[in-house]
Amino acid sequence: ARIDDNDGEFLLIEAADFLPKWLNPENSDNRVFFYKGELHIIPLSETHEQECDLSAASPTISQALTLLSTRSEEFLAAEPIRTAVYKRISGYPEKIQASFHRAHCYLPAGIVAVLRQRPSLVAAAVQAFYLRDPVDLRACRSFQTFPPEERVMTVVTFTKCLYAQLVQQKFVPDRRSGYMLPLPSHPQYKSYELGMKLAHGFEILCSKCSKVSPDSKRNMLSGPLWERFLSSLKEKSYFKGELEGSAKYLELLHMAEDYFQQSVTQPESSVEVSPGDEILTLLQTTTIDLKEFEREAACLPPEDDDSWLEITPDDLDQMLKEARNESLSSSNEEEQKYDLEAVAESMKAFVSKVSTHEGAEMPWSSVESSVTFDVDSFTEALDRILGADSEELDSDDLDEEEEFDFSDEDDEDLDAENERQDQKVPPNELISSLKSYMNEMDRELAHTSVGKSFTTQKKGVTTTAQSAGPDCGAEGTELTPVDVDMNLVANLLESYSAQSGRAGPTSNILQSMGVYLPENVDHICSNKGATE
């Protein structure tokens, strides 16, 4: 067995933190299966070259089944992957009941009858309303399929996700539709609003269905194939002894006709029937007893409490921590010691990672090998980019070059430039040149206020890089080294405090590396004191 949805392999999403590097959405199709109660993943391996065409991104279903039936023990998923998946699906199918929400809805009788036959159609209706566009709403001006005149109160079973999608959307119906809502103070206002939204979804679905003319339907049911199909049904007591022409007989006959059209005469269309076609078919084959619906509406069971829609920030934090398999902090959290060096080291490790078009990998542990720096490779890269005469190039030269238009006649100049770039500059000279640039920049910044924002290596002293007056020469300026770690931690803490407990760049980056910062107790206390 396998399962997939719009996002691809459904099971791999639950075990994303433990998947092998080679497995990605492009090559995961037809590789993940439940076989004999265990999760299996068919890998990319040269040993499977005979059974599976590795030139294709993924194997076919038949190839995958052949591999599983012959060598399943080799494809058993790793223990962490299986543990993550099994933890997510544990408790099902009994656990499904906890995801349901039952609510009262004031709906047209036709929709009530359809939902009695196919309760799952509520999902398609909610999605149609949730993803509606102006073109869809044109069909909701007249409501040809579900007019609002014959409406009854009923109980509809949603999933919590569908219920939230329907409740949280603000929508005002078109005046021409006839769906008028009572005042918000009305005790059944929510039921009226839910029914109105759900009716719009069903009407949108029916407006998108394929229109089959009665003549074409009559032609399908007049051939010898249909006659043999009907005779077979009678021989197998499909009509259960009902008299021909009775209401029950006609209902069974309509169901048989629909099945014949979808599965026999047009087998290519039997794979998937649109929800709108299914709704219209059910309307034709189902008896709508309005009085019976009204009697049932008088004694409906109570609807479920929807207070689960509202959560506090603390509840959200707890849900996020549980999702990350982290235990809640104990009562002595304030006494926990936070290592600020770990914050600086984690950020350094993150910056040292190589990012690609798929993003940057988060270092989960700060205890890693130190960052190595290859001076020769660095200088060679700079030499290729800047060229041998890079020291003589400044911004004025670039401005002057932009004033001229280059044409094909400048090929000789470009060739000469390429020859100069081929000449290598010794690494020592280039490093010396870079240091001179940095020293000159420090001297220029020493006479500005930039240095005031940095903490130097002298403990407890915040100095400016301007130790001499502006009239003094650069030679008399004494520059104090900046404490990089201290400035990094100070800026991170300041950014974290500015988040005021909400999500932000600092908390997101640090938490992804397993570093959690405490709340700014001093800031909270100062705010309380100011309020008092």
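The values are calculated or read from the model by the stated rules, or taken from the named source; none is laboratory data. The model shown is predicted, which means the values in this text are computed figures rather than measured ones. Note that we place each Cβ from the backbone using ideal geometry, even for glycine, and neighbour counts take in every protein chain shown. Heads up: the accessible areas ignore ligands, DNA and RNA and are worked out on the full protein's heavy atoms, side chains in. Shrake-Rupley method; radii C 1.70, N 1.55, O 1.52, S 1.80 Å.
Looking only at segment 252-288, which residues are modelled with pLDDT of 85 or more and surrounded by fewer than 14 Cβ atoms within 10 Å (Cβ to Cβ)?
Gln284
When you scan segment 86-204 for helices (runs of 4 or more DSSP H) that lie fully inside it, which ones turn up with 3 or more residues that are closer than 30 Å to Leu11 by Cβ?
It comes to 121-130, 160-168.
For the condition open to solvent by 30 Å² or more (accessible area, probe 1.4 Å), over 20 Å from Glu149 (Cα atoms) and modelled with pLDDT of 90 or more, what is the one hit in Pro214, Pro224, Pro187?
Testing whether each residue is open to solvent by 30 Å² or more (accessible area, probe 1.4 Å), over 20 Å from Glu149 (Cα atoms) and modelled with pLDDT of 90 or more leaves just Pro187.
For segment 466-483, does any single residue satisfy the condition of being at pLDDT 70 or above and open to solvent by 50 Å² or more (accessible area, probe 1.4 Å)?
There is at least one residue in segment 466-483 that is at pLDDT 70 or above and open to solvent by 50 Å² or more (accessible area, probe 1.4 Å).
Go through segment 1-44 and count every residue that is in contact with a Gly (Cβ under 8 Å, 6 or more places away or on another chain) and open to solvent by 40 Å² or more (accessible area, probe 1.4 Å).
Keep residues of segment 1-44 that are in contact with a Gly (Cβ under 8 Å, 6 or more places away or on another chain), which gives 25, 28-29.
Of the ones still in play, those that are also open to solvent by 40 Å² or more (accessible area, probe 1.4 Å) are 25, 29.
Total satisfying the criteria: 2.
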